[in-house]
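The values are calculated or read from the model by the stated rules, or taken from the named source; none is laboratory data. Just so it is clear, the structure is predicted and the values come from calculations on it, not from any experiment. All Cβ positions, glycine included, derive from the backbone under ideal geometry; neighbour counts span all protein chains shown. Surface areas here come from the heavy atoms of the whole protein model, side chains and all, with no ligands, DNA or RNA. Shrake-Rupley method; radii C 1.70, N 1.55, O 1.52, S 1.80 Å.
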Amino acid sequence: MYQVSADHSFRRIASCIDHWLTTFRFFDLQLIGRSGPSAFFSFVFVTEHLFNMRSITWVVSILTPTIAIIFDVTGKVFSNIFFPTQSQIHAEIEAQERKASWKNNGQCG
């Protein structure tokens with residue numbers, strides 16, 4: 001059975017949080033630019049146009065993670081079906097070693 005490590009889960013959650021913080025940072029830059037001429041003046045209304053008026057932005061931001069998750073889960077299911085886990089491999093090796101030891105010594109162990 002596939003087990004997700006805590007580090008892997010944390011990285012996935014941190015990546016999602018980072019994505020949303022970056023998105024909201026764009027809105028912050030727009031608000032700073034509205035206050036008057038500054039270095040952020042060129043960001044005024046770019047964020048509204050990008051996120052509120054372009055549906056392809058939302059389609060891509062929803063479909064891309066969904067498709068990536070589907071590929072990830074499909075690959076993990078495929079590998080779990082057709083390839084043994086490391087613990088299964090070690091159990092088979094141990095069973096073969098015990099069988100060989102039993103044949104050589106006439107006893108188990």
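Scanning for something modelled with pLDDT of 75 or more, polar (S, T, N, Q) and closer than 30 Å to PHE83 by Cβ, does region 42-59 turn up at least one residue? Looking for residues that are modelled with pLDDT of 75 or more, polar (S, T, N, Q) and closer than 30 Å to PHE83 by Cβ, one finds none in region 42-59, hence no.
Checking PHE83, PHE78 one by one, the residue that is open to solvent by 90 Å² or more (accessible area, probe 1.4 Å) and within 21 Å of the chain's Cα centre (by Cα) is PHE78 and no other. A count restricted to region 38-71 and to residues that are farther than 12 Å from PHE27 by Cβ, open to solvent by less than 80 Å² (accessible area, probe 1.4 Å) and aliphatic (A, V, I, L, M) stands at 3.
With the condition kept exactly as written, say whether any residue in region 45-61 is within 17 Å of the chain's Cα centre (by Cα), at negative phi and assigned to a helix (DSSP H, G or I). The answer is yes, given that some residue of region 45-61 is within 17 Å of the chain's Cα centre (by Cα), at negative phi and assigned to a helix (DSSP H, G or I).
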